[in-house]
Amino acid sequence: MGVSCGNQGKLTITDDDVIEKSNLSRQFLFRDWNIGQAKSTVAASAAASINPCLKIEALQNRVGPETENVFDDTFWENLTVVINALDNVNARLYVDQRCLYFQKPLLESGTLGAKCNTQMVIPHLTENYGASRDPPEKQAPMCTVHSFPHNIDHCLTWARSEFEGLLEKTPAEVNAYLSNPVEYKTAQRTAGDAQARDNLERILECLEKEKCVTFQDCISWARLRFEDYFVNRVKQLIYTFPEDAATSTGAPFWSAPKRFPHPLQFSTADPSHLQFVMAASILRAETFGIQIPDWVKHPQMLAEAVDKVTVPDFQPKNDAKIVTDEKATTLSTASIDDAGVINELIFKLELCTKKLPQGFKMKPIQFEKDDDTNYHMDLIAGLANMRARNYSIPEVDKLKAKFIAGRIIPAIATSTAMATGLVCLELYKALDGGHKVEDYRNTFANLALPLFSMAEPVPPKVIKHGDMSWTVWDRWILRDNPTLRELIQWLKDKGLNAYSISYGSCLLYNSMFPRHRERMDKKVVDLAQEVAKAELPPNRKHLDVVVACEDDDDNDVDIPQVSIYFS
């Protein structure tokens, strides 16, 4: 195309991610030997090898509020056009707001399997990306995932959650406590809620009841986890809700889509049971820094080690609380005296900590789906399939489990190439400038049907006041750091009466408060620093205030964002 090949041209690409095996099939720039390398660096190198005249800079920064020191006002102001290739809505919305603020064209696109779409966001001509939104995906209720699964997705969601809780979050909590016990205990006492109690219980359980010193301890832990997950919890569930249980309305409790579960019987003769114990014990050993013996991969020797584990008999509880409310967002139950329980747990934890070796730390494990030798997917597939077996749900192989639990967005190079081509066609128009909204095209395509749909972008909503009009693209700018009085008068000259001015969540001025009139001759920026404690980094040239206005008939008028420049 020749873009960014001239003397004044420059293409900046950024991505904080590294190349994984699953990335290889959906594009043409990465190869097997690039796995583990930075995506942006490899992409830039591949593009430059195709066209040596291309002037390209590769960064490894995520674009977001936390990197506004890198992508500052000057960076955005110097851009000609922005092209997105993001995989989550929040990042898209952030870039959309930046392009809206600095009035830069944004070429948005996405793919999902054989489907692709492109959206043109052109200053003052089209609506912005955030103006319309798909409804959020429906999530399975927490009680369904934890106690009443009825499809393999529920089992895999639960398995992924348990993996992260056991091997990442709990070891991380242990390290947070051990690195600064005083601060951690103070924070939990201050919180004093069910979550704080749960954190302390998990740390105490990990360092005392379930502490592993030898690899045999890890095997015992894995075998007892199997018993807890797939035997005891199921026995408790059917004790609390027998097969003939009824709801408060008299309807059968175990009616569709609920499936009545059955506890498993552990057997070393079942390869899937042994595979679960092997994967769980190896990963448990990793978190405790215990050496993993080679014999664990030999079924007969592993079975002999498992047979040494003493499994206590299970007695169901009469007062067990099982969440059945589909609207519940947490499984932690609040206690009347959480503070008392927290103090008792902290006391036990202090005694337990004294027995730990000097400098003891755990190693949290972050889930990595693409390494077939790390046993992560072995454990998750094992957890999910054993649970599926409990509820008579069809099991899946490791590849299918990886697809669902790894949250892999299906993609093929064909749809990626099509989205790229469509965006590049619109890029010519955006760079050329001077086009009308009807010259641009948004596209949706599904190569599997096949379906191709092109439409003009939707223009932005226009707000009118008197002889003025504006859209979401407009921003009112005042320079030279005006006083509050000057800002209010500037709006008054437009026929707008400002009755409230705020910065962030802090109110700088409200006409209802007499004392606020004392602030009238203060500079707006000084007021924001004084009242709102605004911290303005050296790269920031302005701050934005939200002004609530009404017209002379006391009707509220939505005005554009107001930017106060002070340097």
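So the values come out like this:
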item	result
Set 294, 307, 371: member being at pLDDT below 90 and either more than 32 Å from the chain's Cα centre (by Cα) or open to solvent by 30 Å² or more (accessible area, probe 1.4 Å) (or both)	371
Only listed residue being open to solvent by 40 Å² or more (accessible area, probe 1.4 Å) and of a type in the set (Gly, Ala, Ser), chosen from 563, 505	505
Close pairs (6 angstrom Cβ cut-off, 6 or more residues apart or separate chains): in contact (Cβ under 8 Å) with a residue 60 or more places away in the chain and in the same structural domain as residue 303 (by the TED database) in the stretch 213-240, of a type in the set (Lys, Arg) and part of a helix (DSSP H, G or I) anywhere	218/284; 221/284
Residue match in the stretch 25-33 (condition: assigned to a helix (DSSP H, G or I), open to solvent by less than 40 Å² (accessible area, probe 1.4 Å) and farther than 22 Å from residue 80 by Cα)	no
Qualifying residue in the stretch 137-146 (condition: of a type outside the set (Asp, Glu) and within 25 Å of residue 445 (Cα to Cα))	yes
In the stretch 75-96, residue nearest to residue 420 (Cα to Cα) [restricted to those that are touching a Phe, Trp or Tyr at 6+ places or on another chain (Cβ under 9 Å) and assigned to a helix (DSSP H, G or I)]	92
So residue 543, is it among the hydrophobic types (A, V, I, L, M, F, W, C), assigned to a loop (DSSP other than H, G, I, E, B) and closer than 19 Å to residue 68 by Cα	no
Near pairs, Cβ below 8 angstrom, 6+ apart or cross-chain, from the stretch 74-89 (under 14 Å from residue 120 (Cα atoms)) to any residue that is open to solvent by 60 Å² or more (accessible area, probe 1.4 Å)	81/431
Pairs where the first residue, in the stretch 537-551, is open to solvent by 60 Å² or more (accessible area, probe 1.4 Å) and the second is part of a strand (DSSP E or B) and among the hydroxyl-bearing types (Ser, Thr, Tyr), C-beta under 7 Å, 6+ apart	541/565; 546/502
Test: residue 467 is more than 27 Å from residue 75 (Cα to Cα) and at pLDDT below 90	yes
Checking residue 405 against (1) open to solvent by less than 70 Å² (accessible area, probe 1.4 Å); (2) over 30 Å from residue 233 (Cβ atoms); (3) not assigned by the TED database to the domain that holds residue 258, the condition it does not meet	(2)
Filter result for residue 439 (surrounded by 14 or more Cβ atoms within 10 Å (Cβ to Cβ) and without any contact (Cβ under 8 Å) to a residue 40 or more places away in the chain)	yes
Tabulated pairs, the stretch 269-291, first surrounded by fewer than 21 Cβ atoms within 10 Å (Cβ to Cβ), second among the aromatic types (Phe, Trp, Tyr), C-beta under 8 angstrom, 6+ apart or interchain	290/215; 291/215
Qualifying position, being within 30 Å of residue 443 (Cβ to Cβ), touching a residue at least 12 places away in the same chain (Cβ under 8 Å) and either of a type in the set (Lys, Arg) or in contact with a strand residue (DSSP E or B) (Cβ under 6 Å, 6 or more places away or on another chain) (or both), among 185, 115, 169	115
Among residues of the stretch 56-74, those that are in a loop (DSSP other than H, G, I, E, B) and either over 18 Å from residue 99 (Cβ atoms) or aliphatic (A, V, I, L, M) (or both), counted	4
Qualifying residue in the stretch 484-501 (condition: closer than 27 Å to residue 102 by Cβ, assigned to a strand (DSSP E or B) and out of contact with any Cys (no Cβ under 6 Å at 6 or more places or on another chain))	yes
Qualifying residue in the stretch 108-115 (condition: part of a helix (DSSP H, G or I), in the same structural domain as residue 71 (by the TED database), touching a Lys or Arg at 6+ places or on another chain (Cβ under 9 Å) and at pLDDT below 95)	no
Considering residues of the stretch 408-436 that are open to solvent by less than 30 Å² (accessible area, probe 1.4 Å) and over 23 Å from residue 121 (Cα atoms) only, the residue farthest from the chain's Cα centre (by Cα)	413
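The values are calculated or read from the model by the stated rules, or taken from the named source; none is laboratory data. Note that the structure is predicted; figures quoted are calculated from it, not measured. A quick note on method: Cβ atoms are made from the backbone with ideal geometry, for glycine too, and the neighbour counts reach across all protein chains shown. Each accessible area value is taken on the protein alone, full model and side chains, heavy atoms only, with ligands, DNA and RNA left out. Shrake-Rupley method; radii C 1.70, N 1.55, O 1.52, S 1.80 Å.
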